[in-house]
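Participant: What follows is a single structure, and I will ask about it in a moment.
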Amino acid sequence: MSVPKFTDIISLSNVEISEAIIETENQLFNLRFKKATRQNFKSHEIKFSKRRLGQLKTLLTSRLENLEKKRN
């Protein structure tokens, strides 16, 4: 897993972004659970998951704002 790039997610549709947000939130929960129970995990994956989640939410929010502006 490499550092997430914003350019990788721009081509996704709004539905795919929503699904990716749910998937990333679940992955982040599982990583935090592994950390709390002292199981083996790669600690950098928490940072990458948080970053990807932020990118997905930012893109979805900006697209929804653009749709709202076009309607008005």
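The values are calculated or read from the model by the stated rules, or taken from the named source; none is laboratory data. Every value quoted in this text rests on a predicted model; they were computed, and no experiment measured them. For neighbour counting, all protein chains shown are included, and Cβ atoms are generated from backbone atoms with ideal geometry for every residue, glycine included.
Participant: What is the residue count in region 14-58 for residues that are touching a residue at least 40 places away in the same chain (Cβ under 8 Å), in contact with a Leu (Cβ under 8 Å, 6 or more places away or on another chain) and under 12 Å from P4 (Cβ atoms)?
Facilitator: So the count comes out to 1.
Participant: In this structure, is L28 modelled with pLDDT of 95 or more, closer than 23 Å to T58 by Cβ, within 14 Å of the chain's Cα centre (by Cα) and not β-branched (V, I, T)?
Facilitator: Yes, satisfied.
Participant: Give the number of residues within region 37-50 that are assigned to a helix (DSSP H, G or I) and loosely packed, with under 15 Cβ neighbours inside 10 Å.
Facilitator: Count: 3.
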